[in-house]
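Here's the structure we're looking at; comments come further down.
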Amino acid sequence: MRQNPERRAALVDAAVEVLAREGARGLTFRAVDTEAAVPNGTASNYFTSRDDLLNQVGRHIHVRLTPDPAEVSATLESPPSPEVVVEFMHALLGRLLKDRSGYLALMELRLEATRRPELRQELTGTIASNLDENIRFHLDSGLPGDSMTVVLLYLAMSGLVVEQLTLPEVLKQFPVDDVIAALVGRTLPPAQ
């Protein structure tokens with residue numbers, strides 16, 4: 001296996017684009033090579049199998065979708081409040097809409113994981129770890145709510161993101177800002 005980390009990252013990014021555009025069935029080494037504009041056969045030198053490629057894409061998508069630490073720090077300069085949680089949810093939606101391919105590829109991986117037990121195990125570990133990190137961050141930052149609050153926000157925002165990326169007209173009568181504010185307001189426990 002080749003060890004050029006920059007080339008491997010470029011191939012994984014190309015795989016994300018192919019997966020988002022063509023779905024799991026369209027994700028071939030040749031398609032990745034074409035998307036990355038490298039000679040045919042390059043991807044097969046970096047990944048032992050298609051499963052290996054899928055697993056690496058699953059790990060890499062979360063890196064692509066990670067928030068900028070400077071933006072997180074800037075948001076945390078305000079005292080913990082429901083408004084800060086709303087700001088984080090807006091930032092999350094903004095990141096996912098900006099990297100549309102990343103989230104669509106993640107949705108494709110989730111579907112493919114229903115058919116591939118090894119991918120399911122890998123993806124479950126990655127997503128569970130990400131959720132655990134979100135819970136830890138929320139609690140350590142002193143934001144209102146508890147771990148269940150984070151789980152409910154995760155589930156609700158996942159649905160909102162799917163609608164916005166796939167069928168945005170479904171919610172056209174409900175402004176996204178209002179939806180996020182209501183989502184956070186109704187999920188957070190009442191102030192004491």
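In this Cβ point-charge picture (+1 for Lys and Arg, -1 for Asp and Glu), the range 5-61 has a dipole of about 100 debye about its Cα centre.
For the options Leu155, Leu92, Leu123, a Gaussian network treatment of the chain with springs between C-alpha atoms closer than 10 Å singles out Leu155 as fluctuating the most. Here the relative contact order of the chain, from alpha carbon pairs under 8 Å that lie six or more residues apart, stands at 22 percent. Remark on the chain: hydrodynamic radius 18.1 angstrom, per the Kirkwood mean of 1/r across alpha carbon pairs.
Assuming charge only on the beta carbon of Lys and Arg (+1) and of Asp and Glu (-1), the dipole of the range 67-187 about its Cα centre is about 440 debye to the nearest 20. Please quote Rg/Rh for the range 5-61 to two decimal places, taking the Kirkwood radius as Rh and restricting both calculations to Cα atoms. Dividing the radius of gyration by the Kirkwood radius yields 0.90. Using a Gaussian network model of the chain in which every pair of alpha carbons under 10 angstrom is joined by a spring, one finds that among Arg115, Arg95, Arg64 the greatest mean-square fluctuation is at Arg115. For the peptides 165-173, 75-83, residues were scored by their other Cβ atoms within 10 Å and the scores averaged per peptide; the highest-first order is 75-83, 165-173. If you average the alpha carbon positions of the range 33-66 and of the range 157-182, how far apart do those two centres end up, in angstrom? The distance from the Cα centre of the range 33-66 to that of the range 157-182 comes to 31 Å.
In the chain, taking the dipole from charged Cβ atoms about the Cα centre, the farthest positive-side position among Gly41, Val12, Ala191 is held by Gly41.
A Förster radius of 25 Å combined with the Cβ-Cβ distance from Asp51 to Ser73 puts the calculated FRET efficiency at roughly 0.10.
Structure remark: mean-square fluctuation, Gaussian network model of the chain, C-alpha springs under 10 Å; the largest value among Asp178, Asp132, Asp33 belongs to Asp178.
Length gained on full extension, Ala182 to Leu111: 22.6 nm, using 0.36 nm per residue less the C-alpha separation.
Every number in this text was worked out from the coordinates using simple rules, so none of it is lab data. Predicted model only: the values in this text are computed from it and were never measured. We place every Cβ from the backbone using ideal geometry, glycine too, and count neighbours over all the protein chains shown.
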